[in-house]
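What follows is calculated from the coordinates using simple rules that are stated; it is not laboratory data. Computed from a prediction, not measured in an experiment: that's the story for all the values here. Cβ: placed from backbone, ideal geometry, glycine included. Neighbour counts: every protein chain shown.
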Amino acid sequence: MTERILNINNVEICTESFGNRKDPAVLLIMGSMSSLDWWDEDFCLRLADQGVFVIRYDHRDLGRSTIYPPGTSHYTVTDMADDAAGVLGAYSIEQAHIVGMSLGGMIGQVLTLKYPERVLTLTLLASSVFGTAMEELPPMDQRILDHHAKSASIDWSNREVAIRYLADGWKTLAGSKPYEQERMIKLAEREYNRAKQLPSRFNHALLQGGEAYYNRMNEISIPVLIIHGTEDPALPYEHGLALAKAIPHAELMPLYGSGHEIHSEDWDQIIDSIIKFHSR
């Protein structure tokens, strides 16, 4: 694993890469309020072992990337797509396979529409349609919102309390597969150790923009793979179905019993599907 701090669009973006740079590139784009740490290192290594060059990175306001004061809004969804394109440029990658989770999948849609020449394939994991159609789909489970509401009372300087809060957030996103508490705590510890300022993550709740790309999924002509848990409490399975309907020729792969997560029981299925999809 190699870390790089890149200067992109007048901000710093922290990246980590795995594998041989001569292999086809896979850019992993994580979701809202989630640092690169939640692309589990073992997952990235296993993916790289399949003959691809894997890059994961911290969004703004997360990890070791540029942060802003909590409660402020300084960028849009389109800016975040530009950041992703900037990461590829900094690595001198002309084209890449994009894998986006949740918000990362929506950023991937904008990236594909704005920079179609840069994207070979698009994999949308636990994501949704980018546009007004999302308003007609089932909402997020209230338990997730209740958990985020607790953040205002968290003492972020208390390591144990903060790590427990971060790990427990993923518990609210789980499906019926066993909650991987030990792994989530390990990942939360790594995020805590790396983060410049954890409360800045909630600036993502203020994220806006990208209206120029709303409801344009039918313009995406590259191969698209949709992977969605059937028990996703954040973006219920109907969101995956809506994506499959909105994007021409998209393929939908359900993860039975999975929630809004990358459960280790699903790693082999996810990685195998991504690699086979890219190899067509």
Measure out, as a whole number of angstrom, how far apart the alpha-carbon centroids of region 70-112 and region 215-266 sit. 19 Å
On the Cα set of region 209-280, report Rg and Dmax in Å, please. 13.2, 38
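First select every other residue whose beta carbon is under 10 angstrom from the beta carbon of Ile5; then total the charges, Lys and Arg +1, Asp and Glu -1.
Every neighbour counted, the sum reads -1.
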Over the chain, relative contact order from alpha-carbon pairs under 8 Å, at least 6 apart, %: 21 percent
Among 1-8, 174-181, how do they line up from the highest to the lowest mean number of other beta-carbon atoms within 10 Å? 174-181, 1-8
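Which percentage, to the nearest 5, of the DSSP beta bridges contained in the chain is antiparallel?
30 percent
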Once label points are set 7 Å from the Cα along Cα→Cβ at both Glu41 and Ser73, what is their separation, rounded to one decimal in nm? 3.6 nm
Relative contact order in percent for region 58-173 (Cα pairs under 8 Å, 6+ apart) equals 17 percent
For every helix of n ≥ 4 consecutive DSSP H residues, a contribution of -39,500 (n - 2.57) applies; sum these over the chain, divide by its total residues, and give [θ] at 222 nm rounded to the nearest 500 deg cm²/dmol. -10000 deg cm²/dmol
Can you compute the FRET efficiency between Asp168 and Glu12 using 1/(1 + (r/R0)^6), with r the Cβ-Cβ distance and R0 = 25 Å? Round to the nearest 0.05. 0.30
Shape metrics for region 2-278, restricted to C-alpha atoms - Rg then Dmax, Å: 17.2, 49
Between Ser153 and Gln181, how many nm apart are label points set 7 Å from Cα along the C-beta direction? 2.1 nm
Under a plain spin-label model, where a point goes 7 Å from the Cα along Cα-to-Cβ, how far apart in nm are Trp267 and Leu137? 2.7 nm
